[in-house]
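Here's the structure, in structure tokens; my notes come after.
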Amino acid sequence: MKRFKLRTGPLLLAAGLGLAASASWGAESLQDVLKRRNLSQQDLLAAAKTYVPTGKRDEFMAFSSGGQSGQVIVYGIPSMRIIKYLAVFTPEPWQGYGYDEESKAVLAGGRIDGKDITWGDTHHPAISETNAQYDGQFLFINDKANPRLAVIDLRDFETKQIVANPIFKSEHGGAFVTPNTEYVIQTAQYAAPLEAKKFYPLEEFNEKYRGGVTYWKFNRQEGRLDPSQSFSIELPPYSQDLSDFGKGPSEGWSFTNSFCSERYVGGIEKGRPPYEAGCSAKDTDYLHVINWKKAVELFKQGKTTKINGHDVIMMETAIKEGMLFLIPEPKSPHGVDVTPDGKYMIVAGKLDTHVSVFSFDKIMATIKAGKFESKDPYGIPVLSMQDTLYNQVSLGLGPLHTQFDSKPCVAYTSLYVDSQVAKWNYCEGKILDKISVHYNIGHLMTMEGDSANPSGRYLVALNKLAIDRFNPVGPLHPQNHQLIDISNDKMQLLYDMPLPLGEPHYAVAISADKLKPGVRYKVGTNSRTDKPSEGAVRAGEEKTVRTGNTVEVFGTLIRSHITPETIEAEVGDEVIIHLTNLERAQDETHGFTVSTYNVHASVEPGKTSTVKFKADKEGAYPYYCTEFCSALHLEMQGYLLVKPKGWKPTKTEMAKQSYTEADYKKQIKKIADTQAVIDSVVAYITSVNYKDFPEVVAMVEDAFDQAGKIPAVTAKHEAAAAKKDWENANLWAEQVWQYQVKTADLGLRAKTYLEQNGAQKVK
Ligand code: RUQ
Ligand code: CUA
């Protein structure tokens, strides 16, 4: 079997050892394993429900907030395998996020008051919707601490845009989207003066501090939020909290609840009672009911005031135009969740055992009748709870958030204090089941559970505390996401997954078949703008350009080679390096770094990335590919030479090796053997319908790229041999073999793929 010549010895050896070991374990029966691992039948059942066999995929994909990490965590359901971290508000080295110029430009969008903010407190991810159903195109997530919003494109799972809220100082009630993703909502949490960098004392809290809600316009075509078409509504300083958009009959309205509508500002150091006491003194807070479609009209009519250059509909206008109402809700509520049919708004009490189900029909009828029980101190009409409530159900202690089942009227609500999930029927107002979770659940998530069409099946409890559930790792514990089977009447706890990255707040899960991300970019793409990169070049066009004190490199990456192999600069030069990955094969990413200059790029197939730095110290700095991309990955290297100003060479020749004619003959034999392998693989591939497999076509194109370099290099080793220059003859011949190995490697990968995917013989 000639083709094994291409595989290296140690690899074969390792494979052999693995085989021997598994053969001996294979003798154990299922009963033996249950006994040895002390597992029950119940455990076995749970395992069978979550286990995704090797090589198989998950049914749903979850996008979880990464809390204080400023990232998003992607995992599969039901396996609970973490698949990726998405870099959003925080630099992330693996993806080059914050270390290459393209991603730095995205992060720069999130600067506030001219300063970089390199972390985020992510809370609520939202998947873009079409007709109130998840469409799998975009993901949005908010930063509570520094009020910002990010857009992630699910075609490549990369963050494309960060915008900073122009008038808030914090933000919690976002991201939630309208049923067709025209707008993404953000609501202020902690009230503050809306004008940037303006001081007012807390004594003027009621007059000068304000909350609000921002509606960010999303341009789906561009895949970007459009600040010029976005606006806010000024609201009282009531600590606006979570929000949701209406859908179906309630489309056009948004709902935002609040806490601390007492407008208490603490001051324990001055002898005043603390925040917690002052903020929960009243029995109720306010649910804000807003006609956002009307707000859009007012914005378009210019009935706004510019604050920090941003359009704000002032409270007075909102009241006058009849688009803003308040409804008392049980005190310190948390989530407000619109039912899949859009008829009810469910508000969880937090400090109350009740969950209140408000009826949209009743709210509308009351507004129409002009039946207001009072006005708040700012003149906003207040609807009575009595007139608008559909029912109230006592679920347990600390209800927080609600998600929905595929079965009509069935909802799940998290009970923080009880550490339980309650399954209940909101139409009939009765509890159906309860299950304990570990511990202190915050959000919960069912599959597509906040869309118009929830899929049921699974529920994930996002628990705030793990306490004793995992092997101890010191005082800082991971969070615990617990998978629960909800396909039957009784809920069954299946699995605990530690989440070791920040405190995830909310998560959303989408049917995996709705996601169709690409595996490569069009060659020369700036992935952060989705446009051709100005630094892109094709193979053979690589160049280094010096202008003044700038050295600009237009280079390429392909197994196992960085072009150029040396970059020369003088101390003080600005160095800009653009690199295009010429590969087309799936998962052939190259990384790039330069020693001690704090730059890094992850260059996936087709992408062009740019790193930039000042060569402020003389010396020789190796650069290399940071992804183990091929057998000769370690050789994917080069030198940045930073010379002192005015430096002159004293030695002009490179050191020589001693190669002989016999060495050259060996090389020629090796090349002939390898060519035979390539020929046999090519014969196989062209004998089948490989063109029907886009994956294979990409690999074949890459293989031809490599093979295409062979004739020119063959001419070089033959010319050197004719001059008996055995060093050059040997090295160029070796290079021919390198191209052959890469060609063959791709060919074999393509062949295996075709064999496993049922390629058919063609005549
Ligand atoms: S939060 S635990 Cu959504 Cu930020 Cu409720
Ligand atoms: Cu390219 Cu390692």
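The values are calculated or read from the model by the stated rules, or taken from the named source; none is laboratory data. Note that this is a predicted model, so its numbers are computed, not measured. As a convention, Cβ positions derive from the backbone with ideal geometry for all residues, glycine included, and neighbour counts pool all protein chains shown. All accessible areas refer to the heavy atoms of the entire protein, side chains included, with ligands and DNA or RNA removed. Shrake-Rupley method; radii C 1.70, N 1.55, O 1.52, S 1.80 Å.
Of note:
- Of all residues in the range 526-540, those satisfying the criterion of being closer than 19 Å to I562 by Cβ and open to solvent by less than 100 Å² (accessible area, probe 1.4 Å) are S533, G535, A536, V537, A539, G540.
- In the range 376-425, the residues that are in contact with a Phe, Trp or Tyr (Cβ under 9 Å, 6 or more places away or on another chain) and free of Cβ contacts under 8 Å to residues at least 24 places away in the same chain: C409, V410
- Pick from the range 436-452, criterion open to solvent by 10 Å² or more (accessible area, probe 1.4 Å) and assigned to a strand (DSSP E or B), ranking: farthest from ligand 2 (Cβ to nearest atom): S436
- Note on the range 638-667: residues that are open to solvent by less than 100 Å² (accessible area, probe 1.4 Å) and either out of contact with any helix residue (DSSP H, G or I) (no Cβ under 8 Å at 6 or more places or on another chain) or within 16 Å of ligand 2 (Cβ to nearest atom) (or both) amount to 10.
- The C-beta contact set for the range 121-147 (first residue over 19 Å from N180 (Cβ atoms) and within 16 Å of ligand 1 (Cβ to nearest atom), second residue assigned to a loop (DSSP other than H, G, I, E, B) and among the basic types (K, R), distance under 7 angstrom, 6+ apart or interchain) comprises D121/K144; H123/K144; P147/K169.
- The range 530-550: number of residues that are hydrophobic (A, V, I, L, M, F, W, C) and more than 34 Å from the chain's Cα centre (by Cα): 1
- Taking the range 94-192 as the region of interest, the strands (runs of 3 or more DSSP E) fully inside it that hold 2 or more residues being open to solvent by 20 Å² or more (accessible area, probe 1.4 Å) and in contact with a strand residue (DSSP E or B) (Cβ under 7 Å, 6 or more places away or on another chain) are 133-143, 158-164.
- Subset of the range 587-603 [touching an Asp or Glu at 6+ places or on another chain (Cβ under 8 Å) and away from ligand 2 (no atom under 15 Å from the Cβ)]: V599
- Some residue of the range 482-502 being more than 16 Å from ligand 2 (Cβ to nearest atom), crowded, with 21+ Cβ neighbours inside 10 Å, of a type in the set (S, T, N, Q) and at pLDDT 95 or above: yes
- Number of the exception - K197 against (1) out of contact with any helix residue (DSSP H, G or I) (no Cβ under 8 Å at 6 or more places or on another chain); (2) at pLDDT 95 or above; (3) open to solvent by 10 Å² or more (accessible area, probe 1.4 Å): (2)
- Scanning the range 543-588 for residues that are open to solvent by 20 Å² or more (accessible area, probe 1.4 Å) and of a type in the set (V, I, T) gives T544, V545, T547, T550, T563, T566, V571, I576.
- Pairs, first under 30 Å from I441 (Cα atoms) in the range 504-533, second of a type in the set (K, R) and surrounded by fewer than 22 Cβ atoms within 10 Å (Cβ to Cβ), C-beta under 9 Å, six or more apart: A512/R57
- Some residue of the range 699-721 being open to solvent by 30 Å² or more (accessible area, probe 1.4 Å) and not in a helix (DSSP H, G or I): yes
- Of residues in the range 453-470 being open to solvent by 10 Å² or more (accessible area, probe 1.4 Å) and at positive phi, the one farthest from the chain's Cα centre (by Cα): I467
- Test: V682 is closer than 28 Å to K522 by Cα, modelled with pLDDT under 95 and open to solvent by 50 Å² or more (accessible area, probe 1.4 Å): yes
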